[in-house]
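The values are calculated or read from the model by the stated rules, or taken from the named source; none is laboratory data. Bear in mind that the values here come from a model prediction, so they are computed numbers and not experimental data. For neighbour counting, all protein chains shown are included, and Cβ atoms are generated from backbone atoms with ideal geometry for every residue, glycine included. In case anyone asks, the SASA skips ligands and DNA or RNA and just uses the protein heavy atoms, side chains included. Shrake-Rupley method; radii C 1.70, N 1.55, O 1.52, S 1.80 Å.
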Amino acid sequence: MVVDDRWRRLLPLLQKGDVVAQGEVYTIYFAYVFGALLVLARRQNSHAGAPLPDDDLKELVESLTSQAFASTFERIAEYDQAKSALPTALVWRGKALMRGIVGKAIREALRDQRSVHLDDPDLRPTWRWERQQETNGLTRSPEQELEHREQSRILRAKFEGVLERMQGSQASALIEVLASGKSISSVAEAMGKSSTATDSLLRRAVREFRRLWIELYGSEGEI
Amino acid sequence: MDEKDEDLLASVIDRLASAYEDSINPPPHFAEAVDSAASEPTGVTKEQIEVLRRRSISKLSEGKAAGNLLRMYREALTLDLEDVARKARWNPDDLEKLEQGQLDLQSVEAERIALLLFALGLESLGALEQPLREILKLQMERYESAPTAVYGRTRRDVTSVQRRRDLLKGIAVVDQEATLRAADIYLRRISDEMTDLWASRKS
């Protein structure tokens, strides 16, 4: 799907915070961003056994789309057009926010579907849960937040170093897992390949990723 | 994939997600994933998306004045009011009044507003739609029939809109539904004209 580049003309105005220009971006790209986020959210929901009805999912994605636009406009100074087209960045913001909005709704729907046992390990804070809270910024002080941002920036540079050296199809396959979820079938469907071919591609991709990471950074500690 | 590869993949993806979670810029190759998702049919009609888009966009300009938004947009483009007026075939005084929120839209054809927005390079009403609707709701008030004819004279420094409202105050009741309808028709005329203008430029 080819997305037009009318956003380039509007970018200088967005950088000035102009509301009318923001409205133009909404008008031109809303359908694209909403459609892409709805498909990604459906894949996530489907991977979890589809606990959320599609109408609820659409409502969540509507809110998610608005937040993606608002968040991107708010932080437009950080946007780098050399890294991606603006519509792609808008979908990315939505995808990043999806973890909090759609992910939470799916978890709640799943919890409501089953009976609760007091010895359910999910009811107790686990090491993984605590790390997740930390990752989501729920338990960080301002200093920790700054440190986290800096660490994330360094880690992103490292990831980019590896991904840029990988074969395009392998790097794309890894990012497709990030976009569509960890189920081989949904990645295969998204990439238009068979499950066997996708499994094999991902195996080669993850091994190559590890090899390059060690070659560039000496150890696989951070992954 | 064996278990070891699966664990490594899960770990890499978790770390990737965490590193990029707060970033405005997506990881490399994300565009391909988006393109594949965006080209899948969603089952949502164009009309439904249009409703969602309008709902979202109206939040953008909530509480903002149309004239002020237009002026800021023109200034962000570093365009002179006179240049825009000439290009749109508007009287500069009228344009200034519009930017100051003092122009009576009852005296301006919707198509002229479209011409102005087109001259500014805008493809749609977008963020201006809701603020314009708010103005139109005041300026295009439709009244249930008054019991008698109402006469009044022009007063200095009183706009035609204010004069009309003052004259009919306490005499006729505003028909909210008819007013909204009139505002929507006016806005639709602007949109339709803009669509035609862009279509004719492309052809």
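Go through A:A179, A:A197, A:P142 and say which Cα lies farthest out towards the positive end of the charge dipole of segment A:128-217; charges sit on Cβ, +1 for Lys and Arg, -1 for Asp and Glu.
A:A197
List the accessible area buried at the contact between B and A, summed over both sides and calculated with a 1.4 Å probe, in Å² to the nearest 100.
Buried area (both sides, nearest 100 Å²): 6600 Å².
Once the Cα gyration tensor of the protein assembly as shown is found, what semi-axes does its equivalent ellipsoid get, as square roots of 5 times the eigenvalues, in whole Å, sorted largest first? Working shown, then result.
Working: eigenvalues 520, 117, 77 Å².
Semi-axes, largest first: 51, 24, 20 Å.
Give the lysines reachable from A:K83 as a straight Cα distance under 20 Å; neighbours fewer than 8 places away on the same chain don't count.
A:K95, A:K158
Sort the following peptides by mean Cβ neighbour count (other Cβ atoms within 10 Å, averaged over residues), highest first: A:209-221, A:191-203.
A:191-203, A:209-221
5 Å is the cut-off here: which amide hydrogens, built 1.01 Å from N in the peptide plane, fall below it relative to B:Y143, excluding neighbours closer than 5 in sequence?
B:D175
When the accessible area of segment A:128-217 is computed with all protein chains present and a 1.4 Å probe, what percentage of it is carbon and sulfur?
Summing carbon and sulfur atoms, their accessible area is 47 percent of the total for segment A:128-217.
Averaged over peptide A:31-37, how many Cβ atoms belonging to another chain are found within 10 Å of each residue's Cβ?
6
I want the local charge near A:S71. Using Cβ-Cβ distances under 13 Å, sum +1 for each Lys or Arg and -1 for each Asp or Glu among the other residues.
The answer is -1.
Please return the longest range in chain B lying between exposed loop sites, taking GluC sites (Glu not before Pro), DSSP loop only, at most 11 other beta-carbon atoms within 10 Å, and leaving the sites out. Before the final figure, lay out the partial values.
Values: sites that count: B:E62, B:E144.
The segment B:63-143 is the longest one with no such site.
Nearest 10 degrees is fine. How inclined is helix B:176-202 to the longest principal axis of chain B, computing both from alpha carbons?
The angle comes out near 60 degrees.
Taking 2.2 N^0.38 Å as the expected size of a compact globular protein, what ratio does the Cα radius of gyration of chain A give against it, to two decimals?
On the way: Rg = 19.3 Å, N = 223, 2.2 N^0.38 = 17.2 Å.
Dividing the Cα radius of gyration by 2.2 N^0.38 Å gives 1.12.
Expressed as a fraction of 2.2 N^0.38 Å, the rule-of-thumb size for a compact globular protein of N residues, what is the C-alpha radius of gyration of segment B:1-62?
1.70
Could you tell me the distance between the Cα centroids of segment A:195-223 and segment B:21-76, to the nearest Å?
Taking the Cα centre of each part, segment A:195-223 and segment B:21-76 sit 35 Å apart.
Round to the nearest 0.05 the FRET efficiency obtained for A:H148 and B:D192 when R0 = 35 Å and r is the Cβ-Cβ distance.
E(calc), rounded to 0.05, equals 0.10.
Taking Rh as the Kirkwood radius computed over C-alpha pairs, what is the Stokes-Einstein D of segment B:64-203 at 10 °C in a medium of viscosity 1.306 mPa s, expressed in µm² per second?
It diffuses with D of about 98 µm²/s by this estimate.
Quantify how strongly other chains surround peptide B:53-59 by giving the mean number of their Cβ atoms within 10 Å of each of its Cβ atoms.
The shielding value for this peptide is 5.
Give me the angle, in degrees from 0 to 90, between the Cα long axis of helix B:110-119 and the longest principal axis of the Cα atoms of chain B, rounded to the nearest 10.
Approximately 50 degrees, to the nearest ten.
Looking at segment A:39-109, what % of the alpha carbon pairs are farther apart than 15 Å?
51
Might you tell me the accessible area per residue for segment A:7-111, computed with a 1.4 Å probe and given in Å²? Show your work: numbers first, answer last.
Working: 3760 Å² over 105 residues.
Heavy-atom SASA per residue in segment A:7-111 reads 36 Å².
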